[in-house]
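Notes follow the structure.
The values are calculated or read from the model by the stated rules, or taken from the named source; none is laboratory data. These numbers were taken from a predicted model, which means no experiment stands behind them. FYI the Cβ positions are ideal-geometry reconstructions off the backbone, even for glycines, and counts take in every protein chain you see. SASA here: full protein model, heavy atoms, side chains in, ligands and nucleic acids out. Shrake-Rupley method; radii C 1.70, N 1.55, O 1.52, S 1.80 Å.
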Amino acid sequence: MRISATAPPGGAGGSGTPPDLAAVQRRTVKVLMSAQVVAGIGMGSMLSSGGLLVEHLTGSEGAAGLATTMTTLGAALLSVPLAALSRARGRRTGLGVGWLVAAAGALTVLAAARLGWFPLMLAGMLLVGSGTAANLQSRYAAADLATSATRARSLSLVVWSTTLGSVLGPNLSGPGEAVARALALPEAAGTFVFSVAAFLAGWLVIRLRLRPDPLLLAAAAQA
């Protein structure tokens, strides 16, 4: 069965009427942009503080780059299972799990900062890489229902929203230091509190609003 791109909306709600794919696509892009902005703030807020926290835990400036290295490695390792999860269960599940794992990673970093345990921090940064993987896979989600005429615009909007979050995130360094002092954490760890909240907010946006699932709907349209 092929779903018409111009059919009236309603099929996603179970009425049996095929959905308007163009309308679903517009909604999907808006939801992805919202998630990218809030979760992107979480990624941006800890980019510089991660290196500072490594330096604090190890006493070595040379080791500061390990934070970014572990995040990049985590993104590479976790992108494959997240993509497989999306194929099996849809973008809503794949992207949602990606942001949840990133939140768990940020929590692990906070625990490592409290305990002063550097290896645990590296493990946390590895899990935070799941956020980078979810970030990148959101671009594919923007293209699931796009036509050749709208694909470039959909992708650019999602990429732009990611940039917005990344620009806003580093501005949380000052408030993060105040939060860290209140929680008896190293000052560089404070922004990870905001990262946990931002990743969970990204998950919540995807979980509640990415309906119908673009990947599953695209597969149904091709059946």
Exercise. Using Cα pairs closer than 8 Å and at least 6 residues apart in sequence, work out the relative contact order for the chain, in percent.
Key: 34 percent
Exercise. Rounded to the nearest Å, what's the spacing between the alpha carbon centres of the range 136-215 and the range 93-107? Just the number, please.
Key: 11 Å
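Can you give the helix-only mean residue ellipticity at 222 nm for the chain, where every DSSP H stretch with n ≥ 4 adds -39500 (n - 2.57) and the sum goes over all residues, rounded to the nearest 500 deg cm²/dmol?
Details: 9 runs with 169 residues, N = 223.
So the calculated ellipticity at 222 nm is -26000 deg cm²/dmol.
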Quiz item: What's the FRET efficiency of L47 with A22 using the Cβ-Cβ distance as r and R₀ = 45 Å, to the nearest 0.05?
Solution: 0.80
Quiz prompt | Per-residue ³J(HN,Hα) for the range 120-128, Karplus 6.51 cos²θ - 1.76 cosθ + 1.60, θ = phi - 60°, Hz, x for Gly and Pro | solution = 5, 5, 4, 5, x, 5, 4, 5, 4
Practice problem: Could you tell me what % of all Cα pairs in the range 114-223 have separations over 25 Å? | Solution: 37 percent
Quiz item: What accessible area per residue, rounded to a whole number of Å², is obtained for the chain using a probe radius of 1.4 Å?
Solution: 46 Å²
Exercise. Tabulate in residue order the Karplus-calculated ³J(HN,Hα) for the range 30-38, using 6.51 cos²θ - 1.76 cosθ + 1.60 with θ = phi - 60°, rounded to whole Hz; enter x for Gly and Pro.
Key: 4, 5, 4, 4, 4, 5, 5, 5, 5
Quiz item: So what are the ³J(HN,Hα) numbers for the range 175-182, from phi and the Karplus equation (6.51, -1.76, 1.60; θ = phi - 60°), rounded to whole Hz, Gly and Pro as x?
Solution: x, x, 5, 5, 5, 4, 5, 5
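Find the percent of Cα-Cα distances in the chain that exceed 29 Å, and round it to a whole number.
Value for the chain (Cα pairs over 29 Å): 30 percent.
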Quiz item: Hull surface divided by four, with the convex hull built on the Cα atoms of the range 95-171: how many nm²?
Solution: 5.7 nm²
Exercise. Would you kindly work out the equivalent ellipsoid of the range 22-110 from its C-alpha gyration tensor and give its semi-axes, the square roots of five times the eigenvalues, largest first in whole Å?
Key: 31, 15, 10
Quiz prompt | Mean Cβ neighbour count within 10 Å, used as a protection proxy, ranking 154-165, 32-43 highest first | solution = 32-43, 154-165
Quiz item: Any idea of T72's accessible area? Nearest 10 Å², probe 1.4 Å.
Solution: 90 Å²
